[in-house]
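Some notes on the structure that comes next.
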Amino acid sequence: MSWTNFFQSLAELEHDDEFVTGRPGGLSAELASRIAKDIAEKLELNDSDALLDYGSGTGAITRELASQVAKATAADSSAVIVKRGKASGSHMEWVELGPDKSPTTGGFTKVLSYYNAHTFENHSGVRTHIEALSDAVAPGGVVMLGDIPDLERTGQWKSGERGREENRTVWMGRLERRGLDIERDERNLASFTERIKRLGIEPPASFGDQHPGFDRDIVTRMFRENGGSVAVVTQPMDFPNAHTCVDYIVRFG
């Protein structure tokens, strides 16, 4: 089963929005709020921004950000999820993504894509996703491509001067997390797996597996080829994937 079909089925059968998300194990309201706060700071959101959340799911993060901008648009490839989002009563615009259903290009000062890495499992898929984000952002706008599995961090160890400080940070983070967060995430994933089994849904083959990661130099070059200036930033240590993932903040002139 593809990830798109998986989430389509999940949205049709699962009543709790916390579990209809790009994060295996679910996305609690508390975690969504913490992630939204980090995103707002990194994107430097303000009350004149037009925000697009590209691949929003049911809009848990988008709703947290909507009050900080002039206009918020949530976009997802699942018609069921978009219908569900529209029925939520929130003051966001909803758009179904697709070949003939993409949001108006170039009209968003801030563009977000978070918890979407499962939809591009190789660098070719990353390129397609980056082109869509680059098309959506207005001149002078900013894109955040967040929670991206990083090849260097997944490999755990880096050589040379560049890697020394990051090695120390990554391993300290692993030790700090070992007693609580990793075990919590494993429990959540196990619970979620049982939940989808009871719903009769077969997850994609890669469900729950750690992604090998993307080469940050390749991802950076793709953004630059589309006119962006890239900063790669780490996530707060208490985020679930902070020890293996990074965020890309991309400014377009």
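How much length would be gained if the chain were fully extended between residue 16 and residue 2, taking 0.36 nm per residue of separation minus their Cα-Cα distance, in nm to one decimal?
Gain on extension, residue 16 to residue 2, equals 2.9 nm.
Set the Förster radius R0 to 51 Å, insert the Cβ-Cβ distance between residue 225 and residue 87 as r into 1/(1 + (r/R0)^6), and round the FRET efficiency to 0.05.
Between residue 225 and residue 87 the formula returns 0.80.
Would you list the P(r) distribution for region 1-146, with all Cα-Cα distances sorted into 10 Å bins from 0 and each bin expressed as a whole %?
Pair shares across the bins are 12, 45, 37, 6, 0.
Over what distance in Å are the Cα centres of region 36-58 and region 63-92 separated?
About 12 Å separates the Cα centre of region 36-58 from the one of region 63-92.
Please tell me which of these pairs span more than 29 angstrom C-alpha to C-alpha: 42/71; 83/110; 37/197?
37/197
In what sequence do 19, 120 fall when counting other Cβ within 10 Å, fewest first?
120, 19
Every number here is computed from the coordinates shown, using simple stated rules; none is lab data. From a predicted model like this one, the values you see are computed outputs, not experimental measurements. Heads up, the Cβs are rebuilt from the backbone with ideal geometry, glycines too, and the neighbour counts pull from every protein chain shown.
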